[in-house]
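See structure below.
Read-outs throughout are calculated quantities, based only on the coordinates presented, and are distinct from any laboratory measurement. Keep in mind it's a predicted model, so treat the numbers as computed, not measured. Positions of Cβ are backbone-derived with ideal geometry, glycine not excepted, and every protein chain shown enters the neighbour counts.
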Amino acid sequence: MSDTETAASSTFAVHRGDWADLAPELAAMVAPPVSVSATPVERPVGAWRKAQLARSRGNMPGTRHRRPTR
């Protein structure tokens with residue numbers, strides 16, 4: 001398995017560290033520190049979809065609809 005894998009819509013990365021405060025003899029007997037990070041995968045938005053989103057935003061009201069007073 002590689003250090004970076006993509007599953008579904010997230011990227012998982014494994015970062016292996018080094019023991020800086022241990023003697024080399026002890027560090028050889030202990031597993032290195034590991035941290036795992038997950039980030040969402042960014043999909044590029046096409047020009048057609050950008051235009052479609054811009055058009056739909058123009059139809060959305062910016063505030064709540066107010067009922068006219070009687």
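Some points to look at:
- Share, in percent, of DSSP beta bridges within region 4-58 that are antiparallel, nearest 5: 100 percent
- Database remark: amide H of Thr11 closer than 5 angstrom to the amide H of Thr39, Val41 (H placed geometrically; neighbours at sequence offset of 5 or more, or on other chains; Pro and chain starts carry no H).
- For region 4-58: rounded, prolate or oblate by the Cα gyration tensor [a/c cutoff 1.5]: prolate
- Between Val36 and Arg67, residue separation times 0.36 nm minus the direct Cα-Cα distance comes to 5.9 nm.
- Spacing of the modelled spin labels on Ala20 and Ala51, each 7 Å from Cα toward Cβ, amounts to 5.3 nm.
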